[in-house]
Amino acid sequence: MNVQLNNFNSKREAILNSTLLLVKEYGFHGAPMSQIAKHANVAAGTIYHYFDSKETLIVELYIRTKDQLAEAILEGYDESKSYKDRFFRFMINQYNFYIKNESAMVFLEQYINSPFAKNFPEKDSVLFKEKVIAFFKLE
């Protein structure tokens, strides 16, 4: 991977991570783009190079966080186990994810109870839908 691409990914990740932490502390409206940029150690205009609006930033952060949750839930998934064992593995994994990632838990709660969830219902984690939600529709 070239240096320019690494720099692109690291700045983007810094912006997403800063947004996650600031939204946990101050909510969506209490975390302006200028504060996110300062916390991410990037110029304010740099955010708009990666995200065309705060709305886009929040939605993309939601999808990324939901993907991370899905990956955590699916850790150790074993199709040969009973449905009950797989169910409990999912729940324990989800619990552990939230214990380790309090900011993610708070962010997801804020998101699903905000206009974002109502305005962008089609914007969601494909991994979560195809693997986690599908699991509960099986039985």
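Values in this text are rule-based calculations from the coordinates and carry no lab data. Not measured: the values here are computed from a predicted model. Cβ sites come from the backbone with ideal geometry, for glycine too, and all protein chains shown count toward neighbours.
Using only side-chain charges placed at the Cβ, +1 for Lys and Arg and -1 for Asp and Glu, the dipole size of the stretch 16-139 relative to its Cα centre rounds to 140 debye. Among the listed pairs Lys84/Lys137; Lys11/Lys38; Lys24/Lys54; Lys81/Lys129; Lys11/Lys100; Lys84/Lys131, those with a Cα-Cα distance over 19 Å are Lys81/Lys129; Lys11/Lys100.
Per-residue ellipticity at 222 nm from helix content only, as computed over the chain with -39500 (n - 2.57) for each DSSP H run of at least four residues, stands at -22500 deg cm²/dmol. Bin all alpha-carbon pair distances of the stretch 53-127 at 5 Å intervals from 0 and give each bin's fraction as a whole percent. Calculated over all Cα pairs of the stretch 53-127, the distribution is 3, 16, 23, 21, 16, 12, 7, 2, 1, 0 percent. Computed from label points 7 Å out along Cα-Cβ, the spacing between Gln94 and Gln35 is 3.0 nm.
Sequentially through the stretch 86-97, phi angles give Karplus couplings (6.51, -1.76, 1.60; θ = phi - 60°) of 5, 4, 5, 4, 4, 5, 5, 4, 5, 4, 4, 4 Hz, Gly and Pro residues having no value and appearing as x. Seen from Glu25, the other residues with C-beta closer than 15 Å to its C-beta sum to a net charge of 0, counting Lys and Arg as +1 and Asp and Glu as -1. In the chain, the convex hull through the Cα atoms has an average projected area of 9.8 nm², a quarter of its surface area. Across the options Met91, Leu21, Ala72, the greatest Cα extent toward the positive end of the charge dipole of the chain (unit charges at beta carbon of Lys, Arg, Asp, Glu) belongs to Leu21.
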